[in-house]
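Working notes, beginning with the structure itself.
The values are calculated or read from the model by the stated rules, or taken from the named source; none is laboratory data. Since the structure is predicted, the reported quantities are computational estimates derived from the model, not experimental observations. Heads up, the Cβs are rebuilt from the backbone with ideal geometry, glycines too, and the neighbour counts pull from every protein chain shown.
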Amino acid sequence: MIKSIVNNQTGQSLEDALKAMVDNENVQSIILYISENFRFDPDILSQQLKSIDKTVIGGVFPEVIMNGKRSGDSAVLLGLPFSMSYTTINEFDEGKIIEKVTEELNEDIDENSTFLIFIDALVRDKAILFDCLYNYYGSIPNYLGGGTGTLKFEPLPCIVTNEGMIQGAGIVATIAQKINIGVAHGWSPISSQLKVTEVSNNEIISLDWKPVMEVYQAIVEKHSKKEFDYDDFFNCVKSYPIGIQKLNDNLTVRDPFKTENGRLFLLDDIEEGAYVQVLYGNLETLIDGATEARKKAEKESTNHNNTIIIDCISRGLFMEEKFAEELKQLDPMSNSFGALTLGEIANNGDEYLDIYNKTAVVGIFE
């Protein structure tokens, strides 16, 4: 694999770096990670993407990772020595998704195949895409990807395709290459199970038939021994995500990012009737979670040289300068690439395909 990075301090433009990657005869397909503060012209890049005859996929993310370090003003290009097919998902309808995936992707999907998925974090119907893929292909292939967009949570073209920069969509690519995947988070329950009794997409309205903020605030205040601070909501709740109870006692983490009109807004959707718990974590438990993710990915891997990290931007914001320790646990050799995302997409064959928040994902190419 061939890796390249450009940033706001270098003289090289993204267009020149991309052209050099395309012109390399050892590169058959390209993944492009762009951080939100990297300066580039989306219109110029779109025109260039439309003229490229090699598959290019990727997205804009809050930050990117290159050689085990985070960056908020860089773009990372990964040249792959194998081909890739992809399809763009613009309509989140089960029938249309299956039709596009089966017609436009390679059909020889087996245990050595991997789906790479990037999706605009502002898309509300992500679960339909994941359900369709898992119901059709099951756990035979591996799945890896992340939510695109910026911390401003404003609509913008944040998906990279050969059709140009697009928004409000997802892309699903397939490669005939196994990626061993590890997923872990390091958050633990501090409350009893609570039933989601009223919800609207990603907005929880009530838990156990009580106003959600009444319940959530009481739990956070009891555990933290501090008064709830609505004026500094992020710092008040950054250690207290929501965990959705799944099969085998697994918890899928959801990230609260604001409250409005008594509702608790999560980064991704949650179903009415689901059972949840308030979680807690600190620097030590989160770094332990990162170590666990790496160890899971390494179990079946013999080559640790090509590592993808998909980690949650809120973990980076929470840990601040200590996040370097998490990256070291995820990538002891400091040769990884990837992104800090708005939602982490992963499945290693052991669990149902889902999108996570506040979670660390390690992928190692066979």
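So here's what we get for this one:
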| item | result |
| --- | --- |
| Selected residue [of a type in the set (Phe, Trp, Tyr), over 17 Å from the mean Cα position of the chain (by Cα), under 28 Å from Asp120 (Cβ atoms) and surrounded by fewer than 23 Cβ atoms within 10 Å (Cβ to Cβ)] from Phe318, Phe265 | Phe265 |
| Test: residue in the stretch 151-162 that is part of a strand (DSSP E or B) and either at pLDDT below 95 or in contact with a helix residue (DSSP H, G or I) (Cβ under 8 Å, 6 or more places away or on another chain) (or both) | yes |
| The listed residue being acidic (Asp, Glu) and buried (at least 23 other Cβ atoms within 10 Å of the Cβ), out of Glu298, Glu326 | Glu326 |
| All positions within the stretch 104-131 that are modelled with pLDDT under 90 and closer than 30 Å to Asn26 by Cβ | Glu104, Leu105, Asn106, Glu107, Asp108, Ile109, Asp110, Glu111, Asn112, Ser113 |
| Residue in the stretch 278-289 that is out of contact with any strand residue (DSSP E or B) (no Cβ under 8 Å at 6 or more places or on another chain), among the aromatic types (Phe, Trp, Tyr) and farther than 18 Å from Gly182 by Cα present | no |
| From Phe118, Phe130, residue being closer than 18 Å to Ile310 by Cα, of a type outside the set (Asp, Glu) and assigned to a helix (DSSP H, G or I) | Phe130 |
| Top-ranked residue of the stretch 133-149 - restricted to ones that are in a helix (DSSP H, G or I) and in contact with a strand residue (DSSP E or B) (Cβ under 9 Å, 6 or more places away or on another chain), ranked as surrounded by the fewest Cβ atoms within 10 Å (Cβ to Cβ) | Tyr134 |
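Residue-by-condition table, conditions (1) touching an Asp or Glu at 6+ places or on another chain (Cβ under 9 Å); (2) surrounded by fewer than 12 Cβ atoms within 10 Å (Cβ to Cβ); (3) modelled with pLDDT of 90 or more:
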position	(1), (2), (3)
Glu227	yes, yes, yes
Pro241	yes, no, yes
Thr252	yes, no, no
Thr259	no, no, yes
